[in-house]
Amino acid sequence: RVAPGRQVSLTLRAKVSLTVTLIIVAISTISTWLFVSAHSRSAEQGRLERGAALSFALAKSAEEGLAKEDLNLIKKASAIIQAPDVMMVQVFSTIWDPVDAFPLDRLPDIPDPRATVHFRTSTAPLSIDVPGGFEFYEPILFRQDGNTPVIPIGYVRLTLSTAEMVQDIHNIIISNVVIAAIITFIAVIAINILISRLVVGPVMDLHRSVAAFRDGAPAPPPSAPR
């Protein structure tokens, strides 16, 4: 049978170890989640900025093509449309008739209804979150000379894939979970050893002294640090 003092020691050590373990696991989980969330927001913001820059460049290229009545509107932006994350590029007229597209078989695709509604009252660029990526709509603005206002003469649609971003976030989550698990395991062992020496040991010495005083026996010597 386990002696009462030994049983109290085991119970106290188990409670302290469990409490410390839960605290460390909670801190590790929260810090990992915050890091991954911050990285995800940063990656998404970078993707939005890239899409906005590419759609603006495409709109400028299309503006030159429309001004010269060149129907191959996006040929000058081949470096953009052939980028690995570019899924589709379309050029529309002001009444949303398709004029050019890459790949060409996407020419009949209709624009997102949110874009047509947006550009009824605004000429500001628009970004839309779609399954598997982001879509960017940029108005093609034309100014005849320096004294005339700009007028929209069409719209550019650019779809960027988020597959690379999602894979990057997935890899970061795995690596951070593994690192956090290793650090948590080491921290739990180290802190439990320290607590056993600095907290549990003195408490058990006090418990034994009280028990000895109650029984009229001399107090036992303090236990040596382990």
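The values are calculated or read from the model by the stated rules, or taken from the named source; none is laboratory data. Just so it is clear, the structure is predicted and the values come from calculations on it, not from any experiment. Note that we place each Cβ from the backbone using ideal geometry, even for glycine, and neighbour counts take in every protein chain shown. Ligands, DNA and RNA are excluded from the accessible area calculation, which covers all protein heavy atoms including side chains. Shrake-Rupley method; radii C 1.70, N 1.55, O 1.52, S 1.80 Å.
Assorted remarks:
- Long-range amide H partners of T162 with built H, under 5 Å: G133, F134
- In order along segment 174-190, phi translates into HN-Hα couplings of 4, 5, 5, 5, 5, 4, 5, 5, 5, 4, 4, 4, 5, 5, 4, 5, 5 Hz, rounded to whole numbers, per the Karplus curve 6.51 cos²θ - 1.76 cosθ + 1.60 with θ = phi - 60° and x for Gly and Pro.
- Between I182 and L34, the contour length at 0.36 nm per residue exceeds the alpha carbon distance by 51.5 nm.
- Accessible surface of segment 76-161 [probe 1.4 Å, protein heavy atoms]: carbon and sulfur percent: 59
- Local net charge near P98, Cβ-Cβ under 14 Å (Lys/Arg +1, Asp/Glu -1): -3
- Globularity ratio of segment 127-189, using Cα Rg and 2.2 N^0.38 Å: 2.18
- Estimated FRET transfer efficiency (I174, Q82; beta-carbon r; R0 30 Å; 0.05): 0.45
- Near G51: Cβ cut-off under 10 Å, other residues only, Lys/Arg at +1 and Asp/Glu at -1. The net charge is -2.
- Whole-Hz ³J(HN,Hα) from phi, Karplus 6.51 cos²θ - 1.76 cosθ + 1.60, for segment 37-43, glycine and proline x: 5, 5, 5, 5, 5, 5, 5
- Whole-Hz couplings from phi, Karplus 6.51/-1.76/1.60, listed for segment 17-34; x for Gly and Pro: 4, 5, 4, 5, 4, 5, 5, 5, 4, 5, 5, 4, 5, 5, 5, 5, 4, 5
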